[in-house]
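K.L.:
What follows is a single structure, and I will ask about it in a moment.
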Ligand SMILES: [Mg+2]
């Protein structure tokens, strides 16, 4: 896929899992952040194509970070990742054409489905990966 991704989660294990799935799919992980403040700073520095954003985090939570990222770049793809009981999260991103939501716990399939939708990647488009 070759797209640049920033992974945000306060759990190191969760970041490692997301990284594994994305790298297997051919995406380039350009950074990892452990809280919302780091996420906003790293987003500004790196201008990634995609951000995976945990919601429950110290310092600045993921929803606040999402709104800050949106002020900086309305077109960046952002996937919020949180437990299913936080329905208000899903509602906020439902109105954002460049936003996505996946509930925890998630599979590689769940994550990559959301990634493909936002980055307009076709599963059959393997030719670009070969080269
Ligand atoms: Mg968390």
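Bear in mind that the values in this text are calculations on the coordinates, not laboratory data. These numbers come from a predicted model, not from an experiment. Cβ placement follows ideal geometry from the backbone for every residue including glycine, while neighbour counts extend to all protein chains displayed.
K.L.:
Let me make sure I get this right: for segment 4-121, a, b and c are the square roots of the gyration tensor eigenvalues over alpha carbons, sorted descending. Under 1.5 in a/c it's rounded, otherwise prolate if a/b > b/c, else oblate. Which is it? Let's see the in-between values first.
P.N.:
Details: a/c = 1.13, a/b = 1.07, b/c = 1.06.
Rounded, since a/c falls under 1.5.
K.L.:
Can you pull the Rg over Rh of segment 49-98, Cα-only, Kirkwood?
P.N.:
Working: Rg = 10.3 Å, Rh = 11.1 Å.
Radius of gyration relative to Kirkwood radius: 0.93.
K.L.:
Same structure again: Which part of segment 52-85 falls in the paramagnetic zone of residue 28, meaning amide N under 18 Å from the point 7 Å along Cα-to-beta-carbon?
P.N.:
Inside the label zone: 52, 76-77.
K.L.:
Helix 62-72 versus the longest principal axis of the chain: what angle, 0 to 90°, nearest 10, using Cα atoms?
P.N.:
70
K.L.:
Provide the gained length on full extension for the span residue 12 to residue 96, in nm with one decimal, where the gain is 0.36 nm per separating residue minus the Cα-Cα distance.
P.N.:
Details: separation 84, 0.36 × 84 = 30.24 nm, distance 2.78 nm.
Taking residue 12 through residue 96 to full extension adds about 27.5 nm, to one decimal.
K.L.:
Does anyone have the angle between helix 12-24 and the longest principal axis of the chain? Alpha-carbon axes, 0 to 90°, nearest 10?
P.N.:
Helix 12-24 sits at roughly 20 degrees to that axis.
K.L.:
If you don't mind, there's one more thing I want to ask. Which percentage, to the nearest 5, of the DSSP beta bridges contained in segment 4-121 is antiparallel?
P.N.:
0
K.L.:
Between segment 1-61 and segment 88-118, what is the C-alpha centre distance in whole Å?
P.N.:
Spelled out, the Cα-based centre of one part sits 14 Å from the other.
K.L.:
Same structure, new question: Can you give the Kirkwood hydrodynamic radius of segment 10-53 from its Cα pairs, in Å with one decimal? Before the final figure, lay out each step's value.
P.N.:
Numbers: mean 1/r = 0.0919 Å⁻¹.
Value: 10.9 Å, from the Cα pair sum.
K.L.:
Using the alpha-carbon atoms, what tilt in degrees (0 to 90, nearest 10) does helix 108-119 show relative to the longest principal axis of the chain?
P.N.:
Result, in degrees: 90.
K.L.:
Next question. Starting from the Cα-Cα distance between residue 37 and residue 117, subtract it from 0.36 nm times their residue separation and give me the gain in nm to one decimal.
P.N.:
Details: separation 80, 0.36 × 80 = 28.80 nm, distance 2.69 nm.
Separation in residues times 0.36 nm, less the Cα-Cα distance, equals 26.1 nm.
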